[in-house]
1. Taking the stretch 167-189 as the region of interest, how many residues are closer than 20 Å to GLN207 by Cα and either loosely packed, with under 12 Cβ neighbours inside 10 Å or in contact with a Cys (Cβ under 8 Å, 6 or more places away or on another chain) (or both)?
2. List every residue pair whose Cβ atoms sit under 7 Å apart, with the two residues 6 or more apart in sequence or on different chains, where the first one lies in the stretch 132-147 and is over 17 Å from GLU72 (Cα atoms) and the second, anywhere, is of a type in the set (A, V, I, L, M) and at pLDDT 65 or above.
3. Which pairs have Cβ atoms under 8 Å, sit 6 or more apart or on different chains, and link a residue in the stretch 1-23 that is closer than 16 Å to GLY36 by Cα to one that is at pLDDT 90 or above and not in a helix (DSSP H, G or I)?
4. Need the failing condition index for PHE35 against (1) more than 18 Å from GLN105 (Cβ to Cβ); (2) at pLDDT below 95, just the number.
5. Mind checking which pairs have a first residue in the stretch 71-86 that is buried (at least 17 other Cβ atoms within 10 Å of the Cβ) and modelled with pLDDT under 90 and a second that is assigned to a loop (DSSP other than H, G, I, E, B) and not polar (S, T, N, Q), Cβ under 8 Å, 6 or more apart or different chains?
6. Between a residue in the stretch 28-47 that is in the same structural domain as ARG16 (by TED's automatic domain parsing) and within 13 Å of PHE97 (Cβ to Cβ) and any residue that is of a type in the set (Ser, Thr, Tyr) and at pLDDT below 95, which pairs come within a Cβ distance under 6 Å, given they are 6 or more apart or on different chains?
7. Going residue by residue through the stretch 102-118, is there one that turns out to be assigned by TED's automatic domain parsing to the domain that holds LEU32, farther than 27 Å from LEU31 by Cβ and touching a residue at least 24 places away in the same chain (Cβ under 8 Å)?
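The values are calculated or read from the model by the stated rules, or taken from the named source; none is laboratory data. Here the structure is a predicted model, which is why all the values come from computation and not from measurement. Neighbour counts run over all protein chains shown; Cβ positions are idealised from the backbone, glycine included.
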Amino acid sequence: MVDALSKIVFNEAYERIKSEKRMRAGDADRLLRLFGDRFTKALQSLDEGRVRKHVFSPSGRLVWTVVGEEREYQILPLATFCSCNDFYFRVLSHEAFLCYHLLAQKIAEALDRYVLLAGDDGDYSTLLSVLRTTAVEKRKLVAEEAENVRKLVETLLGTEDDVSARQLLIKIQVFGFEVLTPRHLAAILVADKKKRFKCKKGLWTLQ
C-alpha cells in the first residue's frame with residue numbers, strides 16, 4: 001500500500017529535479033527504492049524519446065502521451081491519470097503510487113526532456129479520438145479477461161471452499177492469466193456484477 005511517507009519522498013525529489021533541471025544521484029536512488037522497475041522504465045522512456053507533449057494552435061491546448069509497450073497512453077498530469085492497465089488495477093487500488101508512464105511524464109516535464117509535437121486545432125480532436133478509441137477497445141479486452149478469471153475462480157471454489165486470494169492466485173496463474181498480486185485478484189472478484197463471491201477473514205467462497 002502507498003503510504004504518506006512515500007508521497008513525501010517523491011514530492012521532495014520531484015521539486016528538486018524541477019528546480020535544478022537535473023537529477024541528483026541521491027534522488028535517483030530514492031526514486032529507484034520507491035518505484036523499483038517502474039522508475040527504470042520511466043527513465044528508459046525518456047532516453048528513447050517516448051514522452052510526448054502535443055501542442056495545438058492557435059488554442060494552445062496540450063495533450064501529454066507516453067508510448068508504452070503496447071500502445072500510446074494519454075496522461076492527465078493535473079488529475080494524476082494514465083489510461084494504462086497498471087493505473088486501473090494497481091494505482092487506483094493504492095498498491096502503487098504512480099504507473100511508470102505517469103512517472104516518466106512527471107520527470108520529463110521537470111527536466112524539459114520530452115518530444116514536442118506541434119499541430120493545429122483540427123489535429124486535436126483526431127488525436128483524442130484515436131487515443132480514446134484504442135483505450136476503450138483495450139478495456140473491453142481487459143474486462144473479458146477479468147470475467148474469464150472469475151469463471152475460473154468460480155469453478156475452483158465449486159470444488160474447494162475457504163481459499164485465500166494468494167492460493168487462488170497460484171492456481172489461476174497456471175492457466176496463463178496475468179493477475180499479478182492477491183490484491184489485484186481480490187479487486188477483480190469484488191467487481192463481479194453477478195456477486196458470485198464473498199470473502200470472510202481473508203478466505204473466499206461462493207455466495
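1. 2
2. ALA146/ILE188
3. PHE10/LEU98
4. For PHE35, the failing item is (1).
5. These pairs meet every condition: CYS84/GLY68; CYS84/CYS99; ASP86/ALA96; ASP86/CYS99.
6. LEU34/SER6
7. yes
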